[in-house]
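For reference, the structure discussed in these notes is given below.
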Amino acid sequence: MKPQGKNFQGRNNRPANRGPGKVAYNQKPNFKSKNRSKPKEDKPNKHEIRKMQRQQKAAQAAAEREKIKAEKDAKIKIYKQHRLERTKAISKKTQRGQPLMKDRMQLLLKQIEEMKRR
């Protein structure tokens, strides 16, 4: 074995890194960056496509929730109106405090007519 000169004192016997430019020892050079073509701006990439699909799905879900909520509100409004009419008819009283049977009979008649329709 040959005696080594002053330049190799304290170093390993590996050759100096002769890669492209000044590259650290453990760093690999990025050769792909030179050959990579620029992506087309017209065509959206997968990430953007998925994002658009998620937005469309969320918009559809929101529209459906709004539709369901509107239907539910309409049903509640109708129910409250019927309940108010019924309460008014049942709560009517004569001057002496007796319940007014005329309105109660009309309410019962309405209920019977609704049952016949169904």
(request) Kindly indicate which of Lys93, Lys77, Lys43 is in contact with a strand residue (DSSP E or B) (Cβ under 7 Å, 6 or more places away or on another chain) and open to solvent by 100 Å² or more (accessible area, probe 1.4 Å). (result) Lys93
(request) Consider only pairs whose beta carbons are under 6 Å apart and that are at least six residues apart or on different chains; among these, list those whose first residue lies in segment 59-77 and is in contact (Cβ under 8 Å) with a residue 24 or more places away in the chain and whose second residue is surrounded by 10 or more Cβ atoms within 10 Å (Cβ to Cβ) and hydrophobic (A, V, I, L, M, F, W, C). (result) none
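The values are calculated or read from the model by the stated rules, or taken from the named source; none is laboratory data. No experiment lies behind these values; they were computed from the predicted model shown. Quick reminder, even Gly has a Cβ in these numbers, built from the backbone with ideal geometry, and neighbours come from all protein chains shown. Only protein heavy atoms, including side chains, enter the accessible area calculation; ligands, DNA and RNA are left aside. Shrake-Rupley method; radii C 1.70, N 1.55, O 1.52, S 1.80 Å.
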